[in-house]
Amino acid sequence: MLVSLQANETAELVQSVAPGKQLGIRACGYPDGTVAVVVRQLDGTEVARRDFHLESMDGPYWSPVADGAWVVAVAFTPAVDTSSYGLCEIVEA
C-alpha cells in the first residue's frame with residue numbers, strides 16, 4: 001500500500017499482518033522533509049516508531065510486529081519547501 005501526503009498532512013490506516021509475517025515500511029520526503037511512521041496496537045499502545053529523512057525510498061525497515069491488526073500512523077513535515085510531499089509504502093513479507 002502506498003500513502004502519499006502533502007505538507008503537514010497525516011494519515012492513519014489499519015494494516016493486517018498474517019501469521020509469520022512482518023510489516024515492511026519504506027518512506028521518503030521529496031525533495032525534503034521528514035516522514036514519521038508510528039505503528040500502534042489497536043488500543044493505542046505504540047510498538048514501533050521511525051523517522052525517514054531521505055529523498056529516496058530506502059529500506060524497507062521491518063517493523064517488529066506479529067500477526068494481527070495494527071494501526072499505522074504516517075505524518076509528513078516539510079523541511080523548507082511546502083510543495084514537498086511525503087511517500088510511505090507499507091508491505092507485508
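Tabulated values for the structure
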read-out: Qualifying residue in the stretch 68-81 (condition: among the small types (Gly, Ala, Ser) and over 18 Å from residue 7 (Cα atoms)); value: yes
read-out: Leading residue by the ranking (most open to solvent (accessible area, probe 1.4 Å)) among those in the stretch 51-67 that are in contact with a Leu (Cβ under 8 Å, 6 or more places away or on another chain) and farther than 21 Å from residue 6 by Cβ; value: 62
read-out: For residue 4: the one exception among (1) open to solvent by 20 Å² or more (accessible area, probe 1.4 Å); (2) free of Cβ contacts under 8 Å to residues at least 60 places away in the same chain; value: (2)
read-out: Complete set of residues in the stretch 1-60 that are of a type in the set (Asp, Glu) and farther than 19 Å from residue 78 by Cβ; value: 12, 43, 46
read-out: Selection status of residue 17, under 12 Å from residue 89 (Cβ atoms) and touching a strand residue (DSSP E or B) at 6+ places or on another chain (Cβ under 9 Å); value: no
read-out: Condition met for residue 48 (buried (at least 17 other Cβ atoms within 10 Å of the Cβ) and without any contact (Cβ under 8 Å) to a residue 24 or more places away in the chain); value: yes
read-out: Residue among 91, 80, 65 that is out of contact with any Pro (no Cβ under 7 Å at 6 or more places or on another chain), closer than 11 Å to residue 23 by Cβ and either aliphatic (A, V, I, L, M) or at pLDDT 90 or above (or both); value: 65
read-out: Residues satisfying the stated conditions in the stretch 17-45, i.e. open to solvent by 20 Å² or more (accessible area, probe 1.4 Å) and modelled with pLDDT of 90 or more; value: 34, 36, 40, 41, 42, 43, 44, 45
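The values are calculated or read from the model by the stated rules, or taken from the named source; none is laboratory data. Since the model is a prediction, treat every value here as computed from it, not as a measurement. Because the Cβ atoms are built from the backbone with ideal geometry, glycine has one as well, and the counts that use them run over all protein chains shown. We work out accessible area using only protein heavy atoms, side chains counted, and drop any ligands, DNA or RNA first. Shrake-Rupley method; radii C 1.70, N 1.55, O 1.52, S 1.80 Å.
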